[in-house]
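Read the structure below first, then the notes.
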Amino acid sequence: MKSRIIVAACFMAVIFHGCATAPPPPPPAPALAPPPVPKIALVLGGGAARGFAHVGVIRALEQEKIPVDMIVGTSVGSLIGAIYADTRSSFELEVIAFKLEKDDLFDFSIFSSATGPVKGDRLENFVQAKVRKKNIEQLSIPFSAVATNLLTGERVVLDKGPVGRAVRASSSIPGIFTPVSYRGMTLVDGGVVDNVPVDVAREKGADIVIAVNIGKDVVNKDVSNILDITLQAVNIMAYEISKFKAQGADVLIEPDVGGVATMDFTRKEYCMRAGIEAAQRMMPELKKKIALWVAQQQAVTNQ
């Protein structure tokens, strides 16, 4: 009996002692908010055969795990951009690009049209065959092709409707391709007004813009026919516009493809390698810009 009393007393002492001295349980730690993620846009400029450099840039971005949330392209930039926006794979893009030949895109008419010797049907059919999603709205990555309204001079952003028709319109070099009739407009190459359309990416909400300019060097001493003359004139015009437009990018990548002629489809590997190297050179700057954006957003959140 005595032992039971001692045990009970000890038990009560422990209870009262614990109640008197035990600290309250700590509040649950607040859940940490995930770091903000910037919306990154890839802007691909025009430049015909030099556009194979875009493929190299995309491969480098994938290797460094830089996400692409939006693609805006002009001319050949719209062609490469549309294929990547569909596949979301640089490997598949490279396979298609290495098989691409001039005759896949240029259907010169035996009877030259008064509005351009290249009809453009072949280019549109090529895109329709290679891009699995037929409408821009269905692509894996949000995509826009930039064209020019020939009758008004206005920039036209094609972000809905058939992918093939949008790429064809964006790539219809005036004087070479027959202009495209689309939605009541007469459209030609977007490079006439915006060869590196950084401003379109900004308007669509991009936080960080990576622009790729493949038209920096316009020197061409081999101009011997009307086709060469027209292409060279367009290149000069596009370059002058790009000098100002591209300045709005956070990171500007300029592959060294100045020695590649506009219609030279024999130097694909060279252009791709130039794109990879140019992107790798700018990678520290790109990662710095991303980190700075994240830090700024976190600072605003913590205020």
Is the shape of the range 155-235 best called rounded, prolate or oblate, per the rule: a/c under 1.5 gives rounded, else a/b larger than b/c gives prolate, else oblate, with a ≥ b ≥ c the square roots of the Cα gyration tensor eigenvalues?
oblate
By accessible area with a 1.4 Å probe, ligands and nucleic acids excluded, highest first: order of TYR270, TYR239, TYR84:
TYR270, TYR239, TYR84
Of all trypsin sites (Lys or Arg not before Pro) in the range 174-238, which ones are in loop regions per DSSP and have a Cβ with at most 13 other Cβ atoms within 10 Å?
ARG183, LYS221
Rank these residues by their accessible area, most exposed first, probe 1.4 Å: ARG165, ARG132.
ARG132, ARG165
Mind scanning LYS119/LYS245; LYS268/LYS289; LYS130/LYS289; LYS243/LYS287; LYS245/LYS288 and naming the pairs with a C-alpha gap bigger than 28 Å?
LYS119/LYS245; LYS268/LYS289; LYS130/LYS289
Helix 268-302: inclination vs the chain longest Cα principal axis, degrees, rounded to 10, gives 40
Under the 7 Å Cα-to-Cβ spin-label approximation, LYS287 and GLN138 lie apart by a distance in nanometres of 3.9
Checked the range 83-210 with the C-alpha gyration tensor, a ≥ b ≥ c its square-rooted eigenvalues, rounded below a/c of 1.5, otherwise prolate if a/b is larger than b/c and oblate if not; verdict oblate
Roughly how tilted is helix 226-245, in degrees to the nearest 10 and between 0 and 90, from the longest Cα axis of the chain?
30
Calculated P(r) over Cα pairs in 20 Å bins from 0, in percent (choose from [x] 23, 52, 23, 2; [y] 39, 59, 2; [z] 32, 45, 8, 7, 6, 1, 0), label:
[z]
Computed FRET value (nearest 0.05) for GLU203 with THR266, which takes r as the C-beta separation and R₀ as 35 Å
0.40
Pairs of Cα atoms under 8 Å, at least six residues apart: use those to get the relative contact order of the chain, whole percent.
24
Which shape class, rounded, prolate or oblate, goes with the range 56-101 when its Cα gyration tensor gives a ≥ b ≥ c as root eigenvalues, a/c under 1.5 marks rounded, and past that a/b bigger than b/c marks prolate?
oblate
Quick check: at a probe of 1.4 Å, how many percent of the accessible area of the chain sits on carbon and sulfur atoms?
59
Angle between the Cα long axis of helix 2-21 and the longest principal axis of the chain, 0 to 90 degrees, nearest 10?
40
Within the range 151-195, list the residues whose amide N lies under 15 Å from a label point set 7 Å along Cα→Cβ of THR115.
151-153, 168-189
On average, how much accessible surface per residue is there in the range 216-303, in Å², for a 1.4 Å probe, leaving out ligands, DNA and RNA?
60
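The values are calculated or read from the model by the stated rules, or taken from the named source; none is laboratory data. Just so we're clear, the structure is a prediction, and the values are computed from it rather than from any experiment. So basically every Cβ, Gly included, is an ideal-geometry build from the backbone, and we count neighbours across all protein chains shown. All accessible areas refer to the heavy atoms of the entire protein, side chains included, with ligands and DNA or RNA removed. Shrake-Rupley method; radii C 1.70, N 1.55, O 1.52, S 1.80 Å.
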